[in-house]
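The values are calculated or read from the model by the stated rules, or taken from the named source; none is laboratory data. A quick note: this is a predicted structure, and the numbers were derived from the prediction, not measured. FYI the Cβ positions are ideal-geometry reconstructions off the backbone, even for glycines, and counts take in every protein chain you see.
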Amino acid sequence: MMNLNPKQQEAVETIEGSLLVLAGAGSGKTRVITHRIVHLIEQAGVPPWKILAVTFTNKAAGEMKSRVEATLDSELRTSSPLISTFHSLCVRILRRNVESLNAGYTRNFTIYDQDDQVRLVRQIMKELDIDDKSLTARQALGAISSAKNRGTLPAAYANQGEHVTERNERIARIFKLYEERLKKANAFDFDDLLIRAVELLRRVPEVRQYYHDRFRHVMIDEFQDTNGIQYDLAHLIAVGSARKDGAVNPAGFWHERSLCVVGDIDQSIYSFRGSDFNIILGFQHDFAGTKIIKLEQNYRSTQTILDAANKIIECNRQRLPKTLYATEELGQGEKIGYYQAYDAEGEARFVTDRIADHQRQTPDLRSVVLYRTNAQSRLFEEALRRRGIAYNIVGGFSFYDRAEVKDIIAYLKLAMNPRDDIAMARVINSPPRGIGKTTIDVLQSKQRDLGVSLWETVELAVANRAVGPRATSALEGFTHIIKGLGDRVVEAQPLSEIVRAATLDTGYVRSLEEEKTVEAEGRLLNIEELVTAAVEAEEHGESLQDFIDHAALVSDTDQYKADARVTLMTMHSAKGLEFPIVFIVGTEEGLFPHSRALASEEDLEEERRLCYVAITRAQQQLYITHAMQRRIFGEEDVTEPSRFLNELPLELMQNLSSGPSWLGFAERPETRHNREAAAAMRSESPRPVKKTSNYAGKTYNSVEGVREFFKRRSGSGAETQPSRTERPKSREAGADSAASGSGSQFRVGARVKHEKYGTGVVLRTEGAGEDAKLTISFPGYGQKKFVAKFVSLEKA
DNA sequence: TTTAGTACACTTTTT
DNA sequence: GTGTACTAAA
C-alpha cells in the first residue's frame, strides 16, 4: 500500500473532535478509514471494541473489516472494532434491548423484507376492498415508507398537505392497518429497524448511555447517503443525546472521543430512499469546530476519465466546487470509446467483442458493464454466454429472493416467531397439503374477528372444529411440523440440523423430488445450497437468529466477487468499486437519465451524479454506448441519445461506431478524423490493443456474417435486419453496393432529409428497389415508415 | 383443491 | 420479454 498523502495523514491522525472528510471518487477514502481505525488502535491505544464504523452496504463493511484485519498487528487484535451497516447495527441494538421499549416486541422479532412487506400490504388492501389499478401495493408501500421516514403517523397521513385526497385517505387506512399488523406479528420492516432503534435510544437513557459510553470513536462512510433517521442514530450514539436537543459541546466533551464522517456530495445517489445530502452540508453547523478535510487527489483513473467526470458533474448546480486531480504516473490514458449501436443486441455484441478483445490482450484485466436498470442485464448475459465468457452478475434476483429459499426461511422464521403471519401465510400450503383457498379465507375472516395471530386462529379453529374434518387434519399436520421445528430451536440443536429439518420434515424436498421437472431440480439445488450456507454459518458460530437476519439483510451487491473478470451490475451497485475497464451502456434519454427522473431538476441532477459515479469507477479505459432502438416492455422503441453524451467533451472521445453516428461527429471538423480513426482501427489495428485481436476481421468475415447478409437480402423481417453497426459484415462480404436495391442513400444508417420532418436517420429497410419500405427516425417526430417510390428524400 | 393456461402489469435505483 | 394473478377445468 502506498503512503498516505498529507491530507489523508491528517484525517487519519485527527482522533478527537468532529471531522468531516470530503472525499472525491478514488481519493483513497476507504484507505483513510481503515488506517484511521488501525491508528486509533495501534498508536492511540484505543481498545478495538470502542470503535464503531458504519457503512451502507454489507459489502463495504466486509471490505473494511478484512482490510483492518490485514493491517492490524495481530497482537493487538484482542477484540474487534464493530464495522457494520446501519441496519445490522440496529438489529444488534434491538435484539439486545427491544424489550425495554415496552411496546410489545420480543427479542425474537422477525424482519420483513420488501417481499414480505408487499405481501402484507396486498393482504390488507384485499381486506379493505381497495382494488384498482390506480393504487398498487408497491405504490402504497412507497408512500408508507416515506411517511415513516418523515415521522408521519398513520393518523396524520390523510391530513397532510392542502387537502385530504381520496388517495391519501386510502393510503392512511392501509398505513394504519399495516403498522398494527407488523406489531402484532412481532415484526419490523427495514424502516422500523432504524426508527425503533432510534426510539429506543431516545426513550431509554440507560441503553443510550451504554452505547454512548462504549463507542468513543464513531465513523460513518458514504455520509452523503444518510437519511435523517440514520443521522439521529449516529447522533444519539456519538453525542449521547438527540439531535434536536441542541448542539452539545461542553468543554472536554471530545476528550478521547471523535465523530468522523466521510462523504462526497457528488456521489449522493440515494435520495429516492430518503437520503439527504443537506445533512452533510449542515454537519459543520451541527458540530461547531468541525475540522474539514478535502481529498481531491485521485489515485484511480487516467486524466481523460477524470476530465470527463469533472465536466459532467460541473453541469450540476447543487454541489460544492471540487475537482479531481489525476496522479502523474497514470497519465492521459486512452480516449473514451463511444459506440452507437443499432439496437440493444448490437450494443451487447459490441461490449462482448471488446471484452473478448481485452481478455485476449490481458487475461486478468477486470471489466464491468454498468447499466441503469437491472432489466438491461439480460442481453449482456446472453451475449457473454454465447461467447463463452464467464461473468458474474450482481443484483436482480439474489439467492435469498428465490421462492424456495424464502419458503424454507419462512419455516424457520415461523419456528422462531409463530406470530409471523406473513411467513405463515407463505408456507401454510407449500408444499400443497390440502389447505386451500376456502380454508384460508375462513381462517382469515375468523382471525379478523378474534384479533389474534393466524397461528392462534388455527389452533382455535382446530380445537373448535371450525373447519371441515379434512382441513382440520391438514392444519393439525401443519402445526405439528412447526412445533417440531420450534422444539429443535428450544433444544438448541445445531443450526444446520434445524435448517435441514425445515427442508425435510416439512415435506418440501419430497414434494420437489416428486415433481421430476427441470425446474424442481434447480430448486432442489438451491435448497442444497441453503443447507450448505447453514453449515458454513454454523462453523462461524452463527445462531439460527443470525442466519435468518442475514438472509433478510444481505443485499444484492453482496454477491459481488472482487476477482471476477467480468461483472454486470447497476450503476448504483457499483459505488465504491473500481475496474480497469468500464462500459456504461444504455445512455439514452428515458433510460439514463431515467424517465422517472426527467420531471424535476433535482432528480436529473441525481441522475447526473449517478453518471459521475459510473464514470469514476474506471481506472484505465471507459466505454460509453447507446442503442438507436430498444425494446421496452417488449415493444420496439426508437431512442434518443442521452443528454449526458452531450455534456462530454468530444475531444476526450473516439468514435468506435461503424457508420456515421450521432453525437455531432458528423457535423464537426474532427468527424472525418474520428471516423477514419475508427475505420483504421478496425482494419489496420493501429493500436496495440487491437494487434492480436481477430475481432475486426475474422469474426465479421465468418460464415455467419455472410449468412446474415443473405438473410437481410431476403428481407425476412426486422429481427434479422442487420444494423448499421453490423455493416462491416456486408462490407467484408464484398456486397456493400448491392446491399440495398433502393440505392445507396437509403442504406441503414444513412442520413436523409424529408421536406416535412427534416433530417433523419434510416433505421431499417425492408425489400428492395422502389418498393422498399424504409423506417426513418426523425428527431422530434419519431419513427416514420415510407415506401421508397412515394417519398422524396434527399441525402443529408 | 389443485393445476394448467391465459391475461396482465410491469421496470428505476436498495438496506 | 417475464413473472404473477386470476380463471376455468380436472
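Here's a check for you: in region A:608-634, which residue that is modelled with pLDDT of 90 or more and surrounded by fewer than 22 Cβ atoms within 10 Å (Cβ to Cβ) is nearest to DNA strand B (Cβ to nearest atom)? Result: A:Gln619.
When region A:154-209 is filtered for residues that are in contact with a Gly (Cβ under 7 Å, 6 or more places away or on another chain) and within 20 Å of A:Asn417 (Cβ to Cβ), only A:Lys183 remains. Scanning region A:500-543 for residues that are surrounded by 15 or more Cβ atoms within 10 Å (Cβ to Cβ), hydrophobic (A, V, I, L, M, F, W, C) and within 17 Å of A:Asp401 (Cα to Cα) yields A:Ala520, A:Leu524, A:Ile527, A:Leu530, A:Val531, A:Ala533, A:Ala534. When region A:102-150 is filtered for residues that are in a loop (DSSP other than H, G, I, E, B) and either crowded, with 21+ Cβ neighbours inside 10 Å or among the charged types (D, E, K, R) (or both), the ones remaining, listed by number, are A:Arg107, A:Phe109, A:Asp113, A:Asp129, A:Asp131, A:Asp132, A:Lys133.
None of A:Glu75, A:Glu16, A:Glu99 is more than 16 Å from DNA strand B (Cβ to nearest atom), surrounded by fewer than 18 Cβ atoms within 10 Å (Cβ to Cβ) and within 30 Å of A:Asp192 (Cβ to Cβ) except A:Glu99. Taking region A:456-496 as the range and being within 13 Å of DNA strand B (Cβ to nearest atom) and in a helix (DSSP H, G or I) as the test, the residues that pass are A:Ala461, A:Pro469, A:Arg470, A:Ala471, A:Thr472, A:Ser473, A:Ala474, A:Leu475, A:Gly477, A:Phe478. Residues of region A:86-128 that are more than 15 Å from A:Phe188 (Cβ to Cβ) and among the hydroxyl-bearing types (Ser, Thr, Tyr): A:Ser100 alone. Each residue in region A:54-67 was checked for being surrounded by 23 or more Cβ atoms within 10 Å (Cβ to Cβ), assigned to a helix (DSSP H, G or I) and modelled with pLDDT of 85 or more, and 1 of them qualify.
Among the residues of region A:349-384, just one is within 16 Å of DNA strand B (Cβ to nearest atom) and in contact with an Asp or Glu (Cβ under 8 Å, 6 or more places away or on another chain), namely A:Leu379. Of note, A:Glu589 satisfies the criterion of being touching a residue at least 40 places away in the same chain (Cβ under 8 Å), touching an Asp or Glu at 6+ places or on another chain (Cβ under 9 Å) and away from DNA strand B (no atom under 13 Å from the Cβ). Restricted to helices (runs of 4 or more DSSP H) entirely inside region A:385-453, those with at least 2 residues that are within 11 Å of DNA strand B (Cβ to nearest atom), at pLDDT 85 or above and farther than 24 Å from A:Val489 by Cβ are A:437-450. Contact map, region A:316-345: residues that are more than 25 Å from A:Val21 (Cα to Cα) and free of Cβ contacts under 8 Å to residues at least 24 places away in the same chain paired with residues that are part of a helix (DSSP H, G or I) and of a type in the set (Asp, Glu), Cβ distance under 8 Å, separation 6+ or inter-chain. No pairs are found. Of all residues in region A:366-388, those that are touching a helix residue (DSSP H, G or I) at 6+ places or on another chain (Cβ under 6 Å), among the aliphatic types (A, V, I, L, M) and touching a residue at least 40 places away in the same chain (Cβ under 8 Å) total 3.
Let's see how each residue does on (1) within 30 Å of A:Gly24 (Cβ to Cβ); (2) over 29 Å from the mean Cα position of the chain (by Cα):
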| site | (1), (2) |
| --- | --- |
| A:Leu182 | no, no |
| A:Asn186 | no, no |
| A:Asp189 | no, no |
| A:Asp192 | no, no |
| A:Ile195 | no, no |
| A:Leu200 | no, yes |
| A:Pro205 | no, yes |
| A:Tyr211 | no, yes |
| A:Glu222 | yes, no |
